[in-house]
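Notes to accompany the following structure.
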Amino acid sequence: MNMPLTAMLQLEMGKVTVLEAESGQARQDYLQRSLAQVTNAETWLLRCDRTEAGPWAGLADLLTQILPQVQHHAPELITQHDYELTRVLPALQRSLPVRYPSLTDIAPQQEQIRNYPADRAFRIIHGIIDFLAAWFEQSQSNRLIIACDRYDDSGGLVRIFFTELLRRCGKQLNLSLIIAIAPEADPDVVGKFDPSLIAQRISLDLPHSATSIDLQAIKAQVCELQQRVDNDAIEQEIHLPRLIHYLKLCNQPEQVLTYQIKAAALYTRRGFYEDGLDYAQAALAQLKQCHPDGEKHWQIDSLLYTCYVALDKPNAAFAVLEAAMQRTNTADDRFRGCFMMAMLYIRELEERDIAKAEAYLEQGLIELARTTFSEEEKLFHTTFNRNGLALIRYRQGRHQEAVELCQWCYQQVNAVIQPDQHRLYRSVLLFNIAQVYDFIGNYAEAIQYFTAAMELDPNYSEYYNSRGNLYFKLNQPDDALDDYKRAVELSAPYPEVWANIGQSYRRLGNWTAAVDAYSRALDLQPQQFSVLVARAQVLEMLEQPESALADYSAAIAIDPTQPLVLANRAILHYGIGQVSAALNDLNQAIALAPEIADLYQNRAIALTSLGRSEAAIQDLRTYLQLCPDAEDYTEVESQMLALRSLN
């Protein structure tokens with residue numbers, strides 16, 4: 001007989017236990033009984049099957065159980081994390097207004113010309129981690145145990161959430177995580193965790209129990225769910241996955257296809273590109289079964305293209321689009337396809353081809369003239385096409401032409417389209433002009449255009465980060481800091497902006513605040529070479545050599561080909577008496593950059609300390625050869641004479 005899990009092993013805090021057993025009611029009951037025997041701990045058993053509950057399955061249940069307590073004792077935490085919470089729990093949108101909605105979220109569907117970058121979803125994850133960490137600390141929880149059943153059926157975002165929760169807060173929160181998976185689960189499910197955080201893997205012999213299906217009850221639920229999903233955007237976001245699952249059980253392939261496309265579009269618009277891709281691929285397979293030449297093909301292909309591009313898979317996007325353009329026979333679709341293909345050639349493909357990109361844009365104008373669009377729509381799409389040409393001119397170094405094209409587009413939109421329409425597109429055009437001015441070094445002009453874009457879309461945090469970068473380039477760190485702080489306020493946790501805040505504090509001479517900001521950036525995203533180096537340098541200024549040494553070592557582990565970072569670490573090694581380690585660093589640095597004279601002078605110091613005067617003399621000689629006009633030439637010659645006298 002299987003012993004309860006908590007009796008079989010001592011759950012380690014800050015680590016994950018992997019339970020392999022057949023999926024089904026027996027495993028769920030086993031976990032429930034085991035958790036029931038735990039004392040002096042808060043426990044949760046979560047069902048992480050995204051088939052019915054969608055991309056946030058499991059995490060959504062955890063938040064739903066916790067929120068009433070938070071609302072009662074710390075409602076300010078809910079307000080602070082309104083954006084992240086409403087993304088994971090769409091039903092909250094009815095009672096929890098998001099304080100800072102951007103046009104990307106609230107523009108009418110026909111005006112949504114910008115998708116969020118993929119890292120927005122990761123920011124949501126870290127915002128939820130911040131929320132939970134703050135709540136559990138405030139509630140003074142002693143011990144937390146979270147068991148995730150059907151973890152191998154969870155969504156990609158939920159897996160990232162739990163790996164990051166454990167990495168960032170596992171020990172701090174006294175958290176133990178249990179993930180229950182099938183014996184045949186993909187190894188990558190567990191492989192997402194740092195191996196050092198896996199406490200134990202155990203296998204149990206439990207019976208597989210298939211879930212019984214009451215088809216009549218499911219059919220009744222389908223009718224109810226369809227009414228809710230078809231008439232309410234929030235209900236659609238909540239129930240689409242379950243509706244699709246039930247329609248499959250009821251063998252309704254046509255309706256399955258319709259809602260799969262809706263789900264793919266929804267998750268793509270939200271920036272949940274892996275989930276959008278899954279539903280788009282499922283829709284494509286469904287379409288091939290139902291209608292090999294169906295009219296919905298282009299819609300699915302467009303979604304696949306968008307997801308592949310966002311997930312940095314341009315070759316897959318190209319293959320999908322190329323096949324779609326060969327298949328389509330409508331000018332409306334060919335026009336769109338020409339623009340998308342142009343963007344691949346100018347922005348995404350490893351082998352960029354500006355000439356092909358421009359040719360596709362010109363062909364797009366020909367196709368546009370043949371479309372069924374109204375004259376106003378044609379003008380709007382013409383500006384979109386010419387905005388693409390502006391990008392090409394920018395990449396060609398024809399910057400003034402790029403600016404003039406963007407300005408022409410902006411003027412045309414203002415002349416024809418009502419002021420309250422296409423505010424998002426107008427802001428993007430202004431942003432594009434600002435980027436060109438930034439590139440050519442006209443920072444003052446760039447700031448004016450960024451400011452104009454922000455007036456149209458005042459809650460888009462990325463704009464503040466970009467304008468802050470310009471203030472920083474103009475050596476106005478106080479203004480930069482104001483923009484960076486506003487970017488943080490408008491967004492879920494944003495590692496890039498925290499790194500920028502660190503740079504601003506550093507320039508202002510506030511070393512302690514700089515270290516705190518760098519640390520926040522690294523907590524969110526540890527593998528940041530430049531941030532580790534920056535924090536190490538500031539820690540040196542604060543006379544914390546051991547901490548600086550640890551950061552330099554972490555940076556070198558990421559990129560061991562940086563000679564100056566090796567040299568910095570060598571200086572620290574030497575300062576704490578680790579002369580051999582310093583010499584080893586300098587040897588590596590010189591092997592990477594034999595033309596840097598100072599490296600030889602530094603190595604000569606280390607060699608002298610180790611009593612290797614002949615080698616030190618040779619390094620000083622090399623230093624003088626590389627720097628014949630060095631101000632310390634005479635001093636170095638004196639050092640060489642002193643070393644010769646020792647021999």
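The values are calculated or read from the model by the stated rules, or taken from the named source; none is laboratory data. These numbers were taken from a predicted model, which means no experiment stands behind them. Note that we place each Cβ from the backbone using ideal geometry, even for glycine, and neighbour counts take in every protein chain shown.
The residues of segment 598-638 that are touching a residue at least 12 places away in the same chain (Cβ under 8 Å) and either β-branched (Val, Ile, Thr) or closer than 20 Å to Pro560 by Cα (or both), listed by number, are Asp598, Leu599, Tyr600, Asn602, Arg603, Ile605, Thr608, Ile617, Thr622, Val636. For segment 74-90, does any single residue satisfy the condition of being assigned by TED's automatic domain parsing to the domain that holds Leu165, farther than 22 Å from Phe131 by Cα and either of a type in the set (Ser, Thr, Tyr) or not in a loop (DSSP other than H, G, I, E, B) (or both)? No, every residue in segment 74-90 fails to be assigned by TED's automatic domain parsing to the domain that holds Leu165, farther than 22 Å from Phe131 by Cα and either of a type in the set (Ser, Thr, Tyr) or not in a loop (DSSP other than H, G, I, E, B) (or both).
Any chance you could count how many residues in segment 165-194 are among the small types (Gly, Ala, Ser) and either within 21 Å of Arg27 (Cβ to Cβ) or not assigned by TED's automatic domain parsing to the domain that holds Ile128 (or both)?
4
Considering segment 446-479 alone, what residues qualify as being of a type in the set (A, V, I, L, M) and part of a helix (DSSP H, G or I)?
Selection gives Ala446, Ile447, Ala452, Ala453, Met454, Leu456, Leu470.
Given the condition modelled with pLDDT of 95 or more and over 22 Å from Asp551 (Cβ atoms), answer yes or no: does some residue in segment 505-518 qualify? No, because not a single residue in segment 505-518 is modelled with pLDDT of 95 or more and over 22 Å from Asp551 (Cβ atoms). In segment 537-553, the residues that are over 17 Å from Gly502 (Cβ atoms) never reach a residue that is of a type in the set (Gly, Ala, Ser) and outside any helix (DSSP H, G or I) with C-beta atoms less than 7 angstrom apart, at least six apart or across chains. Among the residues of segment 407-457, those identified as among the hydrophobic types (A, V, I, L, M, F, W, C) and in contact (Cβ under 8 Å) with a residue 40 or more places away in the chain are Val416, Ile417, Leu424, Val428, Leu429, Val436, Phe439, Ile440, Leu456. Listed conditions (1) in a helix (DSSP H, G or I); (2) buried (at least 17 other Cβ atoms within 10 Å of the Cβ) are all met by Gln411, apart from (2). Just one of the listed residues (Asp194, Asp188, Asp205) is free of Cβ contacts under 8 Å to residues at least 24 places away in the same chain and either under 32 Å from the mean Cα position of the chain (by Cα) or closer than 28 Å to Ala21 by Cβ (or both), namely Asp188. Yes or no: segment 13-21 includes at least one residue that is crowded, with 19+ Cβ neighbours inside 10 Å, of a type in the set (S, T, N, Q) and either at pLDDT 90 or above or outside the structural domain of Val190 (by TED's automatic domain parsing) (or both). Yes: one or more hits.
Once segment 284-311 is narrowed to residues that are among the small types (Gly, Ala, Ser) and under 26 Å from the mean Cα position of the chain (by Cα), the residue that is nearest to Glu322 (Cα to Cα) is Ser302. When the criteria are applied in full, Val488 meets the requirement of being more than 25 Å from His399 (Cβ to Cβ) and of a type in the set (Val, Ile, Thr). Mind checking whether some residue in segment 25-46 is of a type in the set (Phe, Trp, Tyr), in a strand (DSSP E or B) and modelled with pLDDT of 95 or more? Yes: segment 25-46 contains one or more residues that are of a type in the set (Phe, Trp, Tyr), in a strand (DSSP E or B) and modelled with pLDDT of 95 or more.
Reported count of residues in segment 72-98, each being surrounded by fewer than 18 Cβ atoms within 10 Å (Cβ to Cβ), among the charged types (D, E, K, R) and in contact (Cβ under 8 Å) with a residue 24 or more places away in the chain, is 1.
Comparison of Leu583, Leu539 shows that the only residue that is under 29 Å from Leu610 (Cα atoms), crowded, with 18+ Cβ neighbours inside 10 Å and assigned by TED's automatic domain parsing to the domain that holds Asp619 is Leu583.
Scanning segment 502-533 for residues that are surrounded by fewer than 23 Cβ atoms within 10 Å (Cβ to Cβ) and of a type in the set (Gly, Ala, Ser) yields Gly509, Ala513, Ser519, Ser530.
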